[in-house]
Amino acid sequence: MKPMEVTATAHPNIALVKYWGKRDAALKLPAMPSLAVTLDGFVTRTTLRWGARKDRVFLDGVEAAPGAAKRVLDLLDRFDPGRPPCEVESRNDFPTAAGLASSSSAFAALALAAATASGRGLSLEALSVLARTGSGSACRSLHGGFTLWRMGVRPDGSDCHAIPVEAHPDLDLRVLVAVVDEGPKALSSTEGMHRTALSSPCYPAFVESGEPLVRCAAEAIGKGDLLGLLTFMERSTRLMLSAMWCSEPAVRYLKPRSLALIDEIEAARGEGLACGWTLDAGPNVKALCDAPSAEALASRIRRHGVRVHVLGVGGPARVEVPLARP
Ligand code: DP6
């Protein structure tokens, strides 16, 4: 069989209303709906050779450790249990496993590459379901813009995927990613959320907040109500962080500098900039703001000695069309 080589790209997404806990760990079905924005600027580029000599996985240019390779190959097996051997080469142009949502873009790009290289087109919903089985948040990165990951009701998870959320044309959002620490996190999201769900007395309050906050945030996005959106995002983030902290032992990704940046962003808001903050499973702080506030906010954050990426809203995952050979 002639190998089929396909390259797909996807952008990571950042949750505005958070996912942190599963109702089914094997299928990666969430215990709450969530809402996110896809980022431009950061990208994962994944090349898949469908029909290679043997299974091999390379991440950022080096052969992947067995655990990471298994996660990739497991997704391909779920997609097609009778598949040929595959070679996967995936590169991020941003830090991996540092709470910058690298698994969201990685599994979205992989799902799209697998569906394309195998010659079996999948609907966007089916691609989102497949990406979800690699990493929950990846289901949101097939889409560009704002996305809502619905919980679905079917036990097999076939209706548990992301759908786009229409944004008001005036909502011109920037996401500032402040890199407090770009090293890989000590506790994976999968383990951290499992521990939180099992042991945190604050977890039920976080789960309950998901549905109403997703509804309010989607409405704010539709109306172009940035301040409303920031309020719902911070509330969801604080509930998630509280649930993490009350776990046994505590799930804590924050560093002192993360808190200093939260103070800075809140001070900037007090002085009239339209901005808010969020964190995920890592110490890196993301600030959301309107386009006119972005540079002023970025320079305030840089004064704390951290690197800041100023990103916009990204597009959907795509297949790269190979350049024709002369
Ligand atoms: C804090 O999607 O990485 O970023 O489904 O176990 O692979 P698994 O977890 P993952 O968790 C992301 C958690 C979060 C919040 C979010 O993206 O909604």
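Every number here is computed from the coordinates shown, using simple stated rules; none is lab data. Computed from a predicted model, the values in this text were never measured in an experiment. For neighbour counting, all protein chains shown are included, and Cβ atoms are generated from backbone atoms with ideal geometry for every residue, glycine included.
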Proximal lysines relative to Lys185, as straight alpha-carbon distance under 18 Å, when same-chain residues fewer than 8 apart are discounted: Lys255, Lys286
Per the Cauchy relation, a quarter of the hull surface: what is the mean projected area of the convex hull of the alpha carbons in the stretch 124-265, in nm²? 9.7
Take the chain, connect every pair of alpha-carbon atoms lying under 10 Å apart with a spring to form a Gaussian network, then pick out the residue of Pro292, Pro12, Pro164 with the largest mean-square fluctuation. Pro292
Bin width 5 Å, origin at 0, all Cα-Cα pairs of the stretch 1-96: what percent of pairs per bin? 3, 11, 16, 19, 18, 18, 10, 3, 1, 0
For a bin width of 5 Å, list the pair-distance distribution of the stretch 277-326 built from all Cα-Cα distances, rounded to whole %. 4, 14, 20, 18, 12, 8, 8, 7, 5, 3, 0
For the stretch 183-241, would you read off the P(r) tail past 13 Å as a percentage of all alpha carbon pairs? 66
Dipole of the stretch 70-171, positive direction: furthest Cα of Ser135, Pro81, Thr147, with charges on the beta-carbon: Pro81
With both partners inside the stretch 1-101, how many of the DSSP beta bridges are antiparallel, as a percent to the nearest 5? 85
Checking rank on 142-149, 40-47, with mean other Cβ inside 10 Å and highest first, the result is 142-149, 40-47
Translational diffusion coefficient (Stokes-Einstein; Kirkwood radius from C-alpha pairs) of the chain at 4 °C, 1.567 mPa s, in µm²/s: 65
Using helices alone, what [θ] at 222 nm do you get for the chain, with -39,500 (n - 2.57) per DSSP H run of 4 or more residues, divided over all residues and rounded to the nearest 500? -11500 deg cm²/dmol
Between beta-carbons, use under 11 Å as the cut-off and find the net charge around Leu226, counting Lys and Arg +1, Asp and Glu -1. -2
Choice from Glu219, Glu125, Glu295 with maximal GNM fluctuation in the chain (Cα, 10 Å cutoff): Glu295
For the stretch 79-165, take the convex hull of the Cα atoms, compute a quarter of its surface area, and give me that in nm², please. 6.5
